[in-house]
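**Student:** Here it is, the structure in full.
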Amino acid sequence: MNLFKNTSVQNNIIRNEEVFYPDYLPEEMLHREKELREIVFNLKGVENKNRPPSIVIHGPPGTGKTSVIRYIIKELKEYTRRVAPVLVNCWNTPNRYGILNKITNGMDAFVPQTGVAIEDMFNRIKKVSQEEGKIPLVVLDEADVIVKNKEENQAIFYDILRLRETHGVTAGLVVITNDVSFLLRIDRRIKSSLAQSVIEFKPYGPQELKSILKERAKIGLFQGTYDDEIVGVCAAFGAKNNGDARIAINLMWLAAKEAEKNNQSKIELENLENLKKNVKIITQENLENIKLTEEERRVVDAIGEEEISSSDLYKKLDMSERTVRHYLLKLEELGVIEVRMESFESGRVKMIRRKR
């Protein structure tokens, strides 16, 4: 008997699992009305082919920054056809060439991922912009990653902000970051043009999180499978962890999964308490509370506050590469660090940073 066929789970609690996913876009962005109005005011001019002021959006993780921008992009596309929004996650695409490639493809001027000159991409963007009257609106999410990588990658900010001067293309730029201090590390020639409008997303409070969770539960769970106390505990957990809505939503989803696994008819407080004990919330503030060995601590200290390549990390540590790789795997499992691969002309390189 197949293991999956032999596992009986009644889906009698979760009605729509998608509402608990990180990429779910609600019908209404609760408790972000002020931020929505300010961003919309800055972008409305694109309908008349006016260059909007550049926007820097900052705030802790889980405060709705990316969701609000995705919501605005949806509304903007319904409002006018003059805009070509391109959302780039810089953690996945941290270099100038890759971002320009995504902008070009986002304007339907399709190019392969490699082998196309940068100037050729600019010319294709210009051609589509002039022929179809479209304004590229570039959103760089996790933009601080660009600054932490090679200095020449900062040129992407200049590229977009000066497109009108260099190629006759009106373009908008929105930057999203968890760390607004990255502006201090940007070249002076870029800084003044980049931060024309700075919008802060503050952490959600317990009551705000509670209303957000109520809406998710109403859509995602069957009626009668939860109560206000369950919602309140999840909201309080998210508020305690830096006002992070994603943490609160994730806890409710996991509790619902746990209840279904146990064939319960509703979510109980016991489900939440068991999960809260097991869920590890790793932040810079509580990193010191994680019990690391002396060697693991040395690796974390060597990584420092900036992103670092594995080869540079090996040089900083008096350990064999095999030993460092072992500790990196352990630290990644603990949630202390994040590891990604980046492609360069010389090959693929492992990039490492401490988790925020």
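**Student:** Checking the structure you have, find out if any residue of the range 272-282 is acidic (Asp, Glu) and surrounded by 15 or more Cβ atoms within 10 Å (Cβ to Cβ).
**Tutor:** Keep residues of the range 272-282 that are acidic (Asp, Glu), which gives 273.
Narrowing the set further to residues that are surrounded by 15 or more Cβ atoms within 10 Å (Cβ to Cβ) leaves none.
Checking the range 272-282: not a single residue is acidic (Asp, Glu) and surrounded by 15 or more Cβ atoms within 10 Å (Cβ to Cβ).
**Student:** Residues 224, 220, 238, 243: which one is on the phi > 0 side of the Ramachandran plot and in contact (Cβ under 8 Å) with a residue 60 or more places away in the chain? I'd like the intermediate steps shown before the answer.
**Tutor:** On the way: 224 fails: in contact (Cβ under 8 Å) with a residue 60 or more places away in the chain; 220 fails: on the phi > 0 side of the Ramachandran plot; 238 fails: on the phi > 0 side of the Ramachandran plot.
Sole residue among the options that is on the phi > 0 side of the Ramachandran plot and in contact (Cβ under 8 Å) with a residue 60 or more places away in the chain: 243.
**Student:** Go through (1) touching a helix residue (DSSP H, G or I) at 6+ places or on another chain (Cβ under 8 Å); (2) at pLDDT 80 or above; (3) assigned to a loop (DSSP other than H, G, I, E, B) for residue 263 and report which single condition fails.
**Tutor:** (1)
**Student:** When residues of the range 152-209 are filtered for being open to solvent by 70 Å² or more (accessible area, probe 1.4 Å), free of Cβ contacts under 8 Å to residues at least 24 places away in the same chain and of a type outside the set (Asp, Glu), how many remain?
**Tutor:** 3
**Student:** Let me ask something else. Assess whether residue 330 counts as being of a type in the set (Lys, Arg), at pLDDT 85 or above and either surrounded by fewer than 19 Cβ atoms within 10 Å (Cβ to Cβ) or assigned to a loop (DSSP other than H, G, I, E, B) (or both).
**Tutor:** No; evaluated as a whole, the condition is false for this residue.
Conditions tested, residue by residue: (1) open to solvent by 30 Å² or more (accessible area, probe 1.4 Å); (2) free of Cβ contacts under 8 Å to residues at least 60 places away in the same chain; (3) not β-branched (Val, Ile, Thr).
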residue	(1), (2), (3)
19	no, no, no
68	no, no, no
71	yes, yes, yes
82	yes, yes, yes
90	no, yes, yes
106	yes, yes, yes
118	yes, yes, no
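**Student:** While we're looking at this one, here's another question. Hey, could you check the range 26-65 for residues that are among the hydrophobic types (A, V, I, L, M, F, W, C) and open to solvent by 20 Å² or more (accessible area, probe 1.4 Å) and say which is farthest from residue 160 (Cα to Cα)? Working first, answer last.
**Tutor:** To start, the set of residues in the range 26-65 that are among the hydrophobic types (A, V, I, L, M, F, W, C) comprises 29-30, 36, 39-41, 43, 46, 55-57.
Cutting the leftovers down to open to solvent by 20 Å² or more (accessible area, probe 1.4 Å) gives us 30, 36, 40-41.
Numbers: 30: 31, 36: 23, 40: 20, 41: 20 Å.
Filtering first and then ranking leaves 30.
**Student:** Would you call residue 283 in a loop (DSSP other than H, G, I, E, B), hydroxyl-bearing (Ser, Thr, Tyr) and at pLDDT below 95? Give the derivation first.
**Tutor:** Numbers: in a loop (DSSP other than H, G, I, E, B): yes; hydroxyl-bearing (Ser, Thr, Tyr): yes; at pLDDT below 95: yes.
Answer is yes for this residue.
**Student:** Related question: Across the range 211-240, what is the number of residues that are surrounded by fewer than 21 Cβ atoms within 10 Å (Cβ to Cβ), in contact with a helix residue (DSSP H, G or I) (Cβ under 8 Å, 6 or more places away or on another chain) and under 19 Å from residue 67 (Cα atoms)?
**Tutor:** Qualifying residue count for the region: 2.
**Student:** Does at least one position in the range 122-133 carry a residue that is buried (at least 22 other Cβ atoms within 10 Å of the Cβ) and either hydrophobic (A, V, I, L, M, F, W, C) or modelled with pLDDT of 90 or more (or both)? Full working, then the answer.
**Tutor:** Restricting attention to the range 122-133, the residues satisfying the condition of being buried (at least 22 other Cβ atoms within 10 Å of the Cβ) are 125, 129.
Still in the list and also either hydrophobic (A, V, I, L, M, F, W, C) or modelled with pLDDT of 90 or more (or both): 125, 129.
Yes, that holds for at least one residue.
**Student:** A follow-up question, please. Please work out which residue is nearest to residue 114 (Cα to Cα), limiting yourself to the range 333-356 and to residues that are over 23 Å from the mean Cα position of the chain (by Cα) and not in a strand (DSSP E or B).
**Tutor:** Here the answer is 345.
**Student:** Another question about this same structure. Need at least 2 residues that are among the aromatic types (Phe, Trp, Tyr) per element, so show me which helices (runs of 4 or more DSSP H) inside the range 1-114 make the cut, counting only ones lying wholly within it. Before the answer, list the steps.
**Tutor:** Working: elements: 33-43, 65-79, 96-106.
Fully inside the range 1-114 and qualifying: 65-79.
**Student:** Right, here's the next one. Just the residues that are open to solvent by 40 Å² or more (accessible area, probe 1.4 Å) and either of a type in the set (Phe, Trp, Tyr) or more than 20 Å from the chain's Cα centre (by Cα) (or both), please, taken from the range 92-104. It would help to see each step written out before you state the result.
**Tutor:** Residues of the range 92-104 that are open to solvent by 40 Å² or more (accessible area, probe 1.4 Å), as a first pass: 92, 96-97, 102.
The one that is open to solvent by 40 Å² or more (accessible area, probe 1.4 Å) and either of a type in the set (Phe, Trp, Tyr) or more than 20 Å from the chain's Cα centre (by Cα) (or both): 97.
**Student:** Quick test of your reading of the structure: residue 244 fulfils all but one of (1) modelled with pLDDT under 95; (2) open to solvent by 20 Å² or more (accessible area, probe 1.4 Å). Name the failing condition by number.
**Tutor:** In the conditions (1) modelled with pLDDT under 95; (2) open to solvent by 20 Å² or more (accessible area, probe 1.4 Å), residue 244 misses (2) alone.
**Student:** Taking the criterion of being open to solvent by less than 100 Å² (accessible area, probe 1.4 Å), part of a helix (DSSP H, G or I) and more than 21 Å from residue 153 (Cα to Cα), would at least one residue in the range 304-312 satisfy it? Give the steps one after another, and end with the answer.
**Tutor:** Here is the first cut: in the range 304-312, the ones open to solvent by less than 100 Å² (accessible area, probe 1.4 Å) are 304, 306-312.
Within this subset, residues satisfying the condition of being part of a helix (DSSP H, G or I) are 310-312.
Restricting the remaining residues to those that are more than 21 Å from residue 153 (Cα to Cα) gives none.
No, that holds for no residue.
The values are calculated or read from the model by the stated rules, or taken from the named source; none is laboratory data. All of these numbers come straight from a predicted model, not from anything done at the bench. Counting neighbours? That spans all protein chains shown, and the Cβs are built from the backbone with ideal geometry, glycine included. Surface areas here come from the heavy atoms of the whole protein model, side chains and all, with no ligands, DNA or RNA. Shrake-Rupley method; radii C 1.70, N 1.55, O 1.52, S 1.80 Å.
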